[in-house]
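Here is the structure we will look at, set down as structure tokens.
The values are calculated or read from the model by the stated rules, or taken from the named source; none is laboratory data. Since we're looking at a predicted model, the values are computed, not measured. Cβ placement follows ideal geometry from the backbone for every residue including glycine, while neighbour counts extend to all protein chains displayed. Ligands, DNA and RNA are stripped out before the accessible areas are found, and what is left, the full protein with its side chains, is counted by its heavy atoms. Shrake-Rupley method; radii C 1.70, N 1.55, O 1.52, S 1.80 Å.
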Amino acid sequence: MPREAEPSLNEKQFVIQALQENLRLDGRELDQYRPLELSFGDQYGLADVKLGKTRVLAKATAEVTVPYTDRPLDGIFTIATELGPMTSPAFEVNRPTETEVLLSRLLEKTVRRSGALDTESLCLVAGQKCWSVRVDVHVLSHDGNLIDASCLAVVAALRHFRKPDTSMEAGVLTVYTPAEREPVPLSWLHSPFCVTWSFFGEEGEIAVLDATWIEEQVRVGSCTVSLNKHGEICQIAKLGGTPVEAVALLQCVSVSLTKVKEFSDLLDRKLAEDLKRRDKGGFMAELRAENDR
């Protein structure tokens, strides 16, 4: 399997020494994110997230299918991640690396298992028909902190997505096209976001937020906190690495809550802007026209 070029010994020592002096290569504070951009496509359910040079695209789709036999009253919700050679030479098609597996598991725990999407609302006919909602995550550029960018992209895509409206008459299910009826949003319960910390130093005493690719190569451990703006923690993943003091983790969680509130405000603002952009000639325009007359 091809490997990505590792930073040289001089580069590693330079990064570590700079962090010990509270300095970062791009001039940020230790608890500061890179510039974050979020945009939506012309189609519903298409979200593009840029976090510095890291770029992630998420696309939500839905189709009518048969529910699982053990959950006849629930719809189906899946998240699929794809890291190809375009992202980095270390990734190959159909050969998931450890990075891809961990990314997929963390997104599953954060979004699907936390009950962010109400899967019962996806049921159409109990035990026979339901909506299957799928989110495909495509990493276009990898410069560190894939988890946070991917989680924001998934949540943004799902909240932006609209599924076709349906009706049930005399046991016959009808799925309407967007021209016949306005598509309806998903039943969304809460918006969880990931905040990833990287630890540096012999004892992991330096905690850094939103590590770049080169910083990820020299860290001694990492911790991903998933929570929503209400402070409800969905999961905390500390996968190996140097042990970290409990007090340091509590401080990280406290800062994470502030960052999650910023993510939530950004997403709400961008969704409102997109809705306003799409509604130029819609229902509000008709009302204004009637008032003018």
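With the structure loaded, tell me whether residue 132 is closer than 27 Å to residue 72 by Cα, at pLDDT 90 or above and open to solvent by 10 Å² or more (accessible area, probe 1.4 Å) or whether it fails that test. So residue 132 passes the test. Out of all the residues in region 9-20, is one or more open to solvent by 90 Å² or more (accessible area, probe 1.4 Å) and in a loop (DSSP other than H, G, I, E, B)? No: zero hits.
Only one entry in 66, 137, 93, 101 is out of contact with any Phe, Trp or Tyr (no Cβ under 7 Å at 6 or more places or on another chain) and either closer than 21 Å to residue 40 by Cβ or polar (S, T, N, Q) (or both), namely 137.
Is there a residue being among the aromatic types (Phe, Trp, Tyr), touching a residue at least 60 places away in the same chain (Cβ under 8 Å), within 25 Å of residue 233 (Cβ to Cβ) and open to solvent by less than 20 Å² (accessible area, probe 1.4 Å) anywhere in region 159-171? No, region 159-171 contains no residue that is among the aromatic types (Phe, Trp, Tyr), touching a residue at least 60 places away in the same chain (Cβ under 8 Å), within 25 Å of residue 233 (Cβ to Cβ) and open to solvent by less than 20 Å² (accessible area, probe 1.4 Å). Just checking, does region 241-255 include any residue being open to solvent by 70 Å² or more (accessible area, probe 1.4 Å), in a strand (DSSP E or B) and within 23 Å of residue 32 (Cα to Cα)? Among the residues of region 241-255, not one is open to solvent by 70 Å² or more (accessible area, probe 1.4 Å), in a strand (DSSP E or B) and within 23 Å of residue 32 (Cα to Cα), which makes the answer no. Among the residues of region 198-240, those identified as under 15 Å from residue 258 (Cα atoms) and open to solvent by 10 Å² or more (accessible area, probe 1.4 Å) are 229, 230, 231, 232, 233. Among residues that are under 15 Å from the mean Cα position of the chain (by Cα) and farther than 27 Å from residue 273 by Cβ, residue 65 is not included.
For the criterion of being in a helix (DSSP H, G or I), open to solvent by 20 Å² or more (accessible area, probe 1.4 Å) and out of contact with any Asp or Glu (no Cβ under 9 Å at 6 or more places or on another chain), residue 272 passes.
In region 60-97, the qualifying residues are those that are among the acidic types (Asp, Glu) and open to solvent by 80 Å² or more (accessible area, probe 1.4 Å), and the one that is farthest from residue 146 (Cα to Cα) is 70.
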